[in-house]
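One structure is given below, encoded as structure tokens.
Please treat every number below as a calculation from the coordinates, not as lab data. Because the structure is predicted, anything quoted here is derived from the model rather than measured. Neighbour counts are summed over all protein chains in view; Cβ atoms, including those assigned to glycine, are modelled from backbone coordinates with ideal geometry.
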Amino acid sequence: MRIPRFKAAPGEEAGCYHCISRVVEKRHAFEKREREKFRALLQEYAAFCGVEVLTWCILSNHFHLLIRVPKKPATPPPIEALIERLNHLSSSALSAAAAQQLVERFRAAGQEGPVEELRERLWAQMYDLSQFMKLLKQRFSQWFNRVHDREGTLWEGRFRSTLVEANSPALATVAAYIDLNPIRAGLAKDPKDYRWCGYAEAVASNASAQKGLADALGVGVDAVLPEYRKWLFRQGEEREGTDAQGRPLRKGFNRERMLKVLEEGGELPRTEYLRLRIRYMVDGAVLGSREYVDSVFNRHRDWFGARRTSGARPVRGVSGLALSCLRDLRVRVAR
């Protein structure tokens, strides 16, 4: 049975989502060229669909996105404004010039019906998480199959999404989790050195990337780079202890390096170190304060059995932050 996605309440100004999608059979399809292409398409379709990318990370066989989808206006703009959005796309079935010519031809013939149909078709692709992900993944698949002379699906089923409370510690926590993926995977020693993540792009002076991280962390753009770096290193401390081969149980920054980064930033952390098992970021379904999770549960009460009397479940293993999720996950605390 296909499970419906949790979406932001109709009255909310925007919904924030952590999205993940994997390559079929977990193949390592993303080499340097593929990551650059996906990065370019991500920016194009975000601009076209009107969504905001807060941060992102592309790995060898999957990607993570933290997306904010603004509330869709009740009335679509004029057709000309929608056609202008097509200019954001480097390649599409219908270019802005071709769409404008089509509209002019219809109007010259006194046919407003086809113009309105085109307007509705373009409008349906905007301010919608599922449409954005569908367009992005389809377009990348088409490019990938053409370049690699292959056919068939590239992706492993539907993308997974977790609804994340906006303007909350949950949003900053998920952002850090995404940008720390290269460290956990052993692909870089510092997230700023991993080219295909939002933090590295922000360090490289990309204004859009800096704004996304500032919004996730809840600070001004002028302060985001040092503040987010301190946040990353607090969240990225390696798990103490080693396995049978002498490797850290969880790759990350050793305590000495983490404290050095904090001291260089001029401030010590006010919160204790946050240690979450990854499943909360991926499988929690909804993440935020108890009140927020309960509100989502109440809106979707008929999705749950009669024995379920409440929505929020405490996120275990968190010190200093009162986070809840919708699913009662069994976790081990990293010490």
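Dipole of segment 96-248, Cα-centred, from +1 at each Lys and Arg C-beta and -1 at each Asp and Glu C-beta, to the nearest 20 debye? It would help to have the intermediate numbers written out before the result.
Working: 21 positive and 21 negative charges, 65 e Å.
In debye, rounded to 20, segment 96-248 gives about 320.
Quick check on the exposure proxy: order Glu227, Glu263 from fewest to most C-beta atoms within 10 angstrom.
Glu263, Glu227
Quick one: of Lys7/Lys230; Lys71/Lys137; Lys72/Lys230; Lys137/Lys251; Lys192/Lys251; Lys7/Lys137, which pairs are farther than 24 Å apart, Cα to Cα?
Values: Lys7/Lys230 31 Å; Lys71/Lys137 22 Å; Lys72/Lys230 35 Å; Lys137/Lys251 30 Å; Lys192/Lys251 16 Å; Lys7/Lys137 20 Å.
The pairs that break the limit, which is 24 Å between Cα atoms, are Lys7/Lys230; Lys72/Lys230; Lys137/Lys251.
At a 10 angstrom cut-off on C-beta neighbours, averaged per residue, how do the peptides 300-308, 208-216 rank from highest to lowest? Can you show the working numbers first?
Values: 300-308: 8.8, 208-216: 22.4.
Output ranking for 300-308, 208-216: 208-216, 300-308.
Pick out, from Ser168, Phe48, Leu118, the residue whose Cα sits farthest towards the positive end of the charge dipole of the chain, with +1 on the Cβ of Lys and Arg and -1 on the Cβ of Asp and Glu.
The Cα lying farthest towards the positive end belongs to Ser168.
Taking other Cβ within 10 Å of each residue's Cβ, how do Arg229, Arg299, Arg255 sort, fewest first? Mind dumping the intermediate values first?
Working: Arg229 21, Arg299 15, Arg255 12.
Least crowded to most crowded, the residues run Arg255, Arg299, Arg229.
Relative to the longest principal Cα axis of the chain, at what angle does helix 32-49 sit, 0 to 90 degrees, rounded to 10?
60
How long are the semi-axes of the equivalent ellipsoid of the chain, defined as square roots of 5 times the Cα gyration tensor eigenvalues? Whole Å, largest first.
On the way: eigenvalues 269, 117, 79 Å².
Working from the Cα gyration tensor, I get semi-axes of 37, 24, 20 Å.
Just flag the trypsin sites (Lys or Arg not before Pro) in segment 123-191 sitting in loop per DSSP whose Cβ has no more than 16 other Cβ atoms within 10 Å.
Numbers: sites: Lys134, Lys137, Arg139, Arg146, Arg150, Arg158, Arg160, Arg184, Lys189; in loops: Arg150, Arg158, Lys189.
For trypsin sites (Lys or Arg not before Pro) across segment 123-191 that sit outside H, G, I, E and B with at most 16 neighbouring Cβ atoms in 10 Å, the list reads Arg150, Arg158, Lys189.
Using Cα centres only, tell me the gap between segment 155-186 and segment 24-57 in whole Å.
Between the Cα centre of segment 155-186 and that of segment 24-57, the gap is 15 Å.
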